[in-house]
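Engineer: I'd like to ask you about the structure that follows.
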Amino acid sequence: MPQRQVAMLGVVVEQVRAGLRTEEDLSLLSEVSASTAGVSRLEMCIQCGTCGGSCPSAADMDHTPRMLFAMLRAGMREYVLRSNTPWICVSCYHCVVRCPQNVHIADVMYTLKGMAIKAKLYQDSTAPDFSRTFVDMVEEYGRSFEFGLATRHYLKHFPLRLPSMTPMALGMLSKERMTITPKRIRQIGQLKAILKRAKQMEATNGHGGAS
Amino acid sequence: MSSGNGRKPAVTERIGVYVCHCGSNIAGIVNVQEVAEWAASRLKHRGVVIGRDYKFMCSSLGQELIERDIKELGLTRVVVAACSPHLHEKTFRVACERAGLNPFLMEMVSIREQVSWVHTDKEVATLKAQAVVSGGVERVLHHEALEPLRVPIHPATLVVGGGIAGIQAALEIADAGFPVYLVEREPSIGGHMAQFDKTFPTLDCAACILTPRMVQAGSHPNITLMTWSEVEKVEGFVGNFEVTVRKRARMVKEDLCTGCGICQEKCPKKVVDTIYEAGLGYRKAVYTPFAQAVPKFPVMDVENCTYFIKGTCKACEKFCPTNAIDFTQQDQVLRLNVGSIILATGYEIFDARKVSNYGYGRLANVFTSLEMERLTNAAGPTNGQIVLRDGKTVPKSVGVIHCVGSRDRNFNNYCSVICCMQSLKFAHLVHERTGARVYNFYIDMRTPFKDYDEFYQRVLEEGTLFVRGKVAEVTDAARLPGEEGKLIIQVEDTLAGKQRRIPVDMVILSVGLEPRPDAQEVARRFGISCSVNGWFIEKHPKLDPVATMTEGIYIAGCAQGPKDIPATVSQGAAAAARVLGKIQQKELALEPVRASVLEERCSGCRICNSLCPFNAITYHEDRMVSEINPALCQGCGTCVAACPAGAISGTVFSNEQVLAQIEGLLLLNLGEEALAA
Amino acid sequence: MKHYLLYPGCSMEASARAYYDSLMQVAEPIGLELEEIKDWNCCGATEYLGISLTPAYALISRNLALASQQANGSRTVVAPCSACYLNLAKADYYMREQPRLGKMVNEALAAGGLAYQPGSLDVRHLLDVIVYDIGLETVKSKVVRPLSNLRVAPYLGCMVPRPDFEKRWSDHEHPVELDQLLKALGAEVIDFPLKTHCCGGHMTQISPDTAFELIRRLVSSADHYQADIMATLCPMCQLNLDAYQGEMNRHFGTHYRMPVVFFTQLMGLAFGLKPQDLGFGSELVSAKAALTKIGLQVPQAPAAPPKGRKEQGLPMPKPLPPRGSRALAEGEVQK
């Protein structure tokens, strides 16, 4: 078992011994299902492994998608939300179209990302920070702003890579494939109102999607 | 007897009401004693002379209660309140008959499926049970004594499909001394089994165990073999079917042909054989599908024959030593009279081209299981050598993929039963013949029957590598060293928890089984139905797998659902036994639950004609009325409801009976009590 | 003229400027009328979906609401960018599959004075519209400079052919649409086995090692099959394969120089338009060398020896006709 997972196990085992928790949280499956767009069919998984076999980035994941779902159904909340699997998912949908039980795997990955962020259980904040920065830009301007996103992200997470990225950045700027100033939409107020309401609903209901 | 304020005339029938406890199934929710007592007192004015409750009415003691009461109390009607009539209606009818009461004067009402199993409130359930009993009482007053319909049964049988199921059924009936017509669409009987090399788990050579039966069937004095033929029309009813069979023109005179095979040899036109050789080998335009074909007469494929296309060649005719070739031969249309029909039309394999991530059809060395059978078959296109698509190279590593097109909501969501065993068989054969490294990729290992798991053990001992994981992709795009020029199987080894890329030379797809593409059409032709997945529907999935809802028509083998050879043979034999049982009776007693048309009320609108699911209604042009054939009618009631003139009524479900039952259910009959007292 | 509502997406304005420019150039000749949705906002790409559900779908659906308001006669939204296309299509589909989501999204939209009735718009990708609505015959008729001798690797990426809830594409793994379009332009299309494999998406920012490996697989495979150029339809794919090719080369110590352009750029070339109007020159791995191959006279290969009567090897099964009635068989005319 990789070093990370040993550490995870240690945390959980300690807490179990201290009587602070049980290992199993069987409400996890229904919580994830309810928070996923559409009908997830997660309970129909027969653990065949097609998803793990199809995944182009499986080698970099702590757990294959199938393994993650097995842990999910076993209620191993900590393991699942600490796993880097959803963050390495590239959303290529190979698993979704090949799954013999039509489980909406890629969308479950999105849900797990959101849950991991809420519970602050991700191991590496690179991905959540990237998403957060991207979204902040969109909420501010109504459009994505790559230059702002890239600089903020690299400064925070990969400062040492900045020098080597400069040629590419200059190339992009000179070919006008990147702008230094953000584009904005006119009715940003309307968008902000919509998103505010959506966030309110998310907070009160806890989830949208399948009941 | 109609509803309304009119006084009902005094009732002269003597009714016995029997309420069953069914252990605690009914008694746990319904107060059965109360119901029986209620019937005896509150329905006394409607003819109820006795009301009893008993633990298990269907038991012999329970039945005896009824029989004794019929004799001692002179009962003229019986109402049994218990489970669903589907289960025990016959039991109680027979009991009444034993006691001398016409069985159709008994009415069974369900207070289990319709009351105790669907309600939890005991008070309400008891009241409902009372109402249900009351409905039964009112209805039974309108019952009439009926006699079953007797039709003669023709001793001949039609077996459609000459695979192992059809052959088994035909032989059993023929051996018992009765005539059989065996109709087969292909030029020879044998079916899919004739294509296989070895059969699991015994590794018997398929042809060696099949061909003796084929020869027997071909030469049996009681079997009329019609190959290269198809059933075009089925008319009539159980015991008396009239079947139209088209015997297609072989272009060969059967009385002259000796089966020498020279025509085949000399024919210059080679065609890919997509049926017998599964697309992996060739045949000629005039051909017998395989050497042991029964009958031995070749057929001519006119779509590919040079003479029919261009008007030249005729090599077969030139060389035939007995002048048996006849280019002018026409199809023959025959009409057969049979009493029973057995459908054993078999299966088709799933089209693996649909699973594009496995590359069948695009990548040369991906084979289907049927193609693999032909490769391993000693009489196949490679004389039993397991080689790659180039026809020469022996593979050094082979991957066998289970569950292709089965257990998959993207294709067929059922399990095809035989693929795990078939895949194990391939693993064994590859090992034996090539010494190659073999991988089997499975989700679950399904080896349930006799000696099957032992076979799995054997294959494990031989060193086959098993990977538990449904293969995600078969690709030729190399990524890592060692993958160049190979087929790479990408799969998650779920037990090891890692994604693996396994390079092999050859991939075998164990494809699932599917119904024949024309199964729906065939079902319609014979008057039976297909399930959601396209298999023929049996009468009862557990207790009656060879009969269908249509009397006289039976099904056997994979046409009913995927199964292995032992089960197929068993079903063929079972269907034959059923048929023989009927033939022995010489006469069939059909349930007199039938509809009939009151001619004077029929307006000739013919609405009922097309509604009848059993094609039982014919229209008489001369009298301009419709008539229902009582032998075909199954008593479904569709026409009764549909007739706008109300001209159709059914015995056992007449309008009066149904209306009376409704009145009883609504307890409208109780109001009379005070008046009758 | 076929009229559609256009959702360009953020990349078309900057990083995929070439896509936009070339699309505008080729739209008129083939009779494609595109009306941009007014004041459209970013669809959120794959970022918002991983944070919270309702705001993510509300963000996407504002565009659908604006489109349905603006729609005059047309009920189809065309999205050239794969992620945008998938987001819009998914939003509409999930809101239909799960009415509760639709209700929540509409409640959020109402706060901005908007509403969207799920199912009232069709969301389609640009390639889909060109191949099936405009038709390959029309495209072919506009070709004045066939791209002969140009070996093109068609690369669709992952989000367009999958998950394909509305079954618009011929196959999830090996769809033929882009192949057929490129053939109609006269190019030599290679049978590229990784044509729908993922480029890594935003992984270049999250986990560069993963991303570089995915990019390497694609570029090296195209190179292995001796493609001169890769044609894609997704801005993200183009960015990853083109802009990050240098980084990838550095990472692995390889020296690939595989140009990656948008299929609309190739269409423009075949229609005889000027390369600089089509965004050529904006790619980081220059396509100049590949373009010089177009129309070059190549000496005729010696005639193949006559085939012996004996067949070599065992016969292969015939290919299946593409899925459904949507896709065209080889050479079939679009009605």
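Engineer: Residues of the range B:99-131 with amide nitrogen under 19 Å from the 7 Å Cα-to-Cβ point of B:A589?
Structural biologist: B:99-108
Engineer: Continuing with the same structure: Only four residue types carry charge here, +1 at the Cβ of Lys and Arg and -1 at the Cβ of Asp and Glu. Report the dipole size of chain B about the Cα centre in Debye, rounded to the nearest 20.
Structural biologist: 1200 debye
Engineer: Another question, if that's okay. Go through B:C305, C:I215, C:A91 and say which Cα lies farthest out towards the positive end of the charge dipole of the protein assembly as shown; charges sit on Cβ, +1 for Lys and Arg, -1 for Asp and Glu.
Structural biologist: The residue sitting most towards the positive pole is C:I215.
Engineer: What FRET efficiency comes out for B:D622 versus B:I275 if R0 is 60 angstrom and r is the Cβ-Cβ distance? Round to the nearest 0.05.
Structural biologist: After rounding to 0.05, the efficiency reads 0.80.
Engineer: A further question on this structure: Nearest 20 debye, what's the magnitude of the dipole of the range B:348-514 about its Cα centre given +1 on Lys and Arg Cβ and -1 on Asp and Glu Cβ?
Structural biologist: My answer is approximately 280 debye.
Engineer: Write down Rg/Rh for the protein assembly as shown, rounded to two decimals, with Rg from the C-alpha atoms and Rh from the Kirkwood relation over Cα pairs.
Structural biologist: 1.03
Engineer: Then there is this: Among A:P100, A:P163, A:P56, whose mean-square fluctuation peaks in a Gaussian network model of chain A (Cα, cutoff 10 Å)?
Structural biologist: A:P163
Engineer: Rounded to whole Hz and in sequence order, give me ³J(HN,Hα) for the range B:484-498 from the Karplus expression 6.51 cos²θ - 1.76 cosθ + 1.60, θ = phi - 60°, writing x for Gly and Pro.
Structural biologist: Couplings: 4, x, 10, 9, 9, 9, 9, 8, 8, 6, 5, 6, 8, x, 10 Hz.
Engineer: Kindly tabulate the residues in the range A:30-63 with an accessible-area decrease of at least 50 Å² between the chain alone and the assembly of all protein chains, using a probe of 1.4 Å.
Structural biologist: Buried by the other chains: A:A37, A:I46, A:C48, A:G53, A:P56.
Engineer: Would you mind getting me the FRET efficiency between B:V215 and C:Q312? Use the beta-carbon distance for r and R0 = 35 Å, nearest 0.05.
Structural biologist: Computed FRET efficiency for B:V215 and C:Q312: 0.40.
Engineer: Moving to a separate point now. Quick one: what does P(r) look like for chain B with 10 Å bins over all Cα pairs, in whole %?
Structural biologist: 3, 13, 18, 18, 17, 13, 10, 6, 2, 0, 0
Engineer: Is the C-alpha gyration tensor of the range B:348-514 telling us rounded, prolate or oblate? Criteria: a/c under 1.5 is rounded; beyond that, a/b larger than b/c is prolate, otherwise oblate.
Structural biologist: Cα axes put the range B:348-514 in the rounded bin.
Engineer: Got a sec? Which residues of the range A:174-191 lose 30 Å² or more of accessible surface with every protein chain in place, vs. that chain alone, 1.4 Å probe?
Structural biologist: Flagged in the range A:174-191: A:K175, A:R177, A:K183, A:I185, A:R186, A:Q190, A:L191.
Engineer: Between the alpha-carbon centers of the range C:21-45 and the range C:136-192, tell me the distance in whole angstrom.
Structural biologist: 20 Å
Engineer: Once each part is reduced to its C-alpha centroid, what is the distance from the range B:484-510 to the range B:610-642 in angstrom?
Structural biologist: The two parts, judged by their Cα centres, are 60 Å apart.
Engineer: For the charge dipole of chain C, defined by +1 on Lys and Arg C-beta atoms and -1 on Asp and Glu C-beta atoms about the Cα centroid, which residue among C:H224, C:Y132, C:P321 has the Cα displaced farthest towards the positive pole?
Structural biologist: The residue sitting most towards the positive pole is C:P321.
Engineer: A further question follows. Taking a probe of 1.4 angstrom, what is the accessible area of C:M236 in Å², to the nearest 10?
Structural biologist: The accessible area of C:M236 comes to roughly 70 Å².
Engineer: Obtain the nm distance between the two label points defined at B:N337 and B:L149 by a simple spin-label model: each point lies 7 Å from its Cα along the Cα-to-C-beta direction.
Structural biologist: Distance between label points: 1.9 nm.
Engineer: Reachable lysines from B:K450, Cα under 28 Å, same-chain residues fewer than 8 places away excluded?
Structural biologist: Straight-distance partners of B:K450: B:K198, B:K425, B:K470, B:K539, B:K542, B:K563.
Engineer: Shifting gears a bit: Quick one: angle between helix B:565-585 and the longest Cα principal axis of chain B, in degrees between 0 and 90, rounded to 10, please.
Structural biologist: Between helix and principal axis, roughly 40 degrees.
Engineer: I'd like the distance separating the alpha-carbon centroids of the range B:362-429 and the range B:550-568, in whole Å.
Structural biologist: So the separation of the two Cα centres works out to 25 Å.
Engineer: Can you list the HN-Hα couplings for the range B:157-168, worked out from phi with the Karplus curve (6.51, -1.76, 1.60; θ = phi - 60°), rounded to whole Hz and with x for Gly and Pro?
Structural biologist: Once rounded to whole Hz, the list reads 10, 9, 10, 9, x, x, x, 5, 5, x, 5, 4.
Engineer: Turning to a different aspect of this structure: Given a 1.4 angstrom probe, what's the average accessible area per residue across the protein assembly as shown, in square angstrom?
Structural biologist: Using a 1.4 Å probe on heavy atoms only, each residue of the protein assembly as shown averages 41 Å².
Engineer: Continuing with this model, one more query. Of the residues C:A110, C:A58, C:A153, which exhibits the maximal mean-square fluctuation in a Gaussian network model of chain C defined by a 10 Å Cα contact cut-off?
Structural biologist: C:A110
Engineer: Name the residues whose placed amide hydrogens come within less than 5 Å of the amide hydrogen of A:Q101, ignoring near sequence neighbours (fewer than 5 apart) on the same chain.
Structural biologist: B:R409
Engineer: A further question follows. Straight-line reach from A:K196: which lysines have Cα under 29 Å away, leaving out those fewer than 8 places along the same chain?
Structural biologist: Of all the lysines, those that pass the test against A:K196 - Cα under 29 Å, at least 8 places apart if same chain - are A:K113, A:K118, A:K120, A:K156, A:K183, C:K38, C:K90, C:K103.
Engineer: Another question, then. Name the residue farthest towards the positive end of the dipole of chain B from the options B:S116, B:G261, B:L424, assuming +1 on Cβ of Lys and Arg, -1 on Cβ of Asp and Glu, about the Cα centre.
Structural biologist: It is B:G261, whose Cα lies furthest towards the positive end.
Engineer: Moving on to the next point. Grab the beta carbon distance between B:Q33 and B:K539, set R0 = 51 Å, and tell me the FRET efficiency rounded to 0.05.
Structural biologist: Calculated transfer efficiency: 0.85.
Engineer: If you don't mind, there's one more thing I want to ask. What distance in nm separates the two pseudo spin-label positions at A:N205 and B:L611, each 7 Å out from Cα along the beta-carbon direction?
Structural biologist: Reported label-point gap for A:N205 and B:L611 is 4.6 nm.
Engineer: I've got another one for you. If amide H atoms are built 1.01 Å from N in the plane of the peptide, which residues on other chains or at least 5 residues away come under 5 Å of the amide H of B:D273?
Structural biologist: When sequence neighbours closer than 5 places are left aside, the close amide H contacts are B:G279, B:G281, B:Y282, B:R283.
Engineer: Just how large is the dipole of the protein assembly as shown about the Cα centre, in debye to the nearest 20, putting +1 at every Lys and Arg Cβ and -1 at every Asp and Glu Cβ?
Structural biologist: Value, rounded to 20: 2100 debye.
Engineer: Using a Gaussian network model of chain C whose springs link C-alpha atoms within less than 10 Å, name the residue from C:A111, C:A16, C:A79 with the highest mean-square fluctuation.
Structural biologist: C:A111
Engineer: Please give every one of the lysines within straight-line cross-link reach of B:K310, meaning a C-alpha to C-alpha distance under 30 Å, and leave out same-chain neighbours fewer than 8 residues apart.
Structural biologist: The qualifying lysines are B:K247, B:K253, B:K266, B:K269, B:K270, B:K284, B:K296, B:K318, C:K307, C:K310, C:K318.
Engineer: Return one number: the angle in degrees, 0 to 90 and rounded to the nearest 10, between the long axis of the Cα atoms of helix B:32-42 and the longest principal axis of the Cα atoms of chain B.
Structural biologist: 40 degrees
Engineer: At 7 Å along the Cα-to-beta-carbon direction for both B:E232 and C:H224, put a label point, then send me their distance in nm to one decimal.
Structural biologist: With each label placed 7 Å out from Cα toward Cβ, I get 5.7 nm.
Engineer: Could you run the Karplus curve 6.51 cos²θ - 1.76 cosθ + 1.60 with θ = phi - 60° over the range B:407-414 and give me ³J(HN,Hα) per residue in whole Hz, x for Gly and Pro?
Structural biologist: Going residue by residue, I get 6, 9, 5, 7, 10, 10, 8, 9 Hz, with x marking Gly and Pro.
Engineer: Right, something else. How large a share of the accessible area of the range B:595-650, in percent, is made up of carbon and sulfur atoms when the probe is 1.4 Å and the other protein chains stay in place?
Structural biologist: Carbon plus sulfur share of accessible area: 52 percent.
Engineer: Let me ask something else about it. Using amide H atoms built in the peptide plane, which far-off residues or other-chain residues are under 5 Å from C:E35 H to H?
Structural biologist: Here the answer is C:Y4, C:L5, C:L6, since their amide H atoms fall under 5 Å of that of C:E35.
Engineer: Evaluate the relative contact order of the range B:595-650 (contact order divided by residue number), counting alpha-carbon pairs under 8 angstrom at least 6 apart; express in whole percent.
Structural biologist: Over the range B:595-650, the number comes to 46 percent.
Engineer: If Lys and Arg each add +1 and Asp and Glu each add -1, what is the summed charge of the other residues whose beta carbon sits under 10 Å from the beta carbon of B:R246?
Structural biologist: Spelling it out: positives minus negatives among the neighbours equals 0.
Engineer: Relative to the first principal axis of the alpha-carbon coordinates of chain B, what is the inclination of helix B:85-98, with its axis defined by its Cα atoms, in degrees from 0 to 90 and to the nearest 10?
Structural biologist: Between helix and principal axis, roughly 60 degrees.
The values are calculated or read from the model by the stated rules, or taken from the named source; none is laboratory data. Worth saying up front: this structure is predicted, and the values here are computed from it rather than measured. Glycine also receives a Cβ, built like all others from the backbone with ideal geometry; neighbour counts cover every protein chain displayed. For the accessible areas, the whole protein counts, side chains as well, though only heavy atoms, and no ligand, DNA or RNA atoms are used. Shrake-Rupley method; radii C 1.70, N 1.55, O 1.52, S 1.80 Å.
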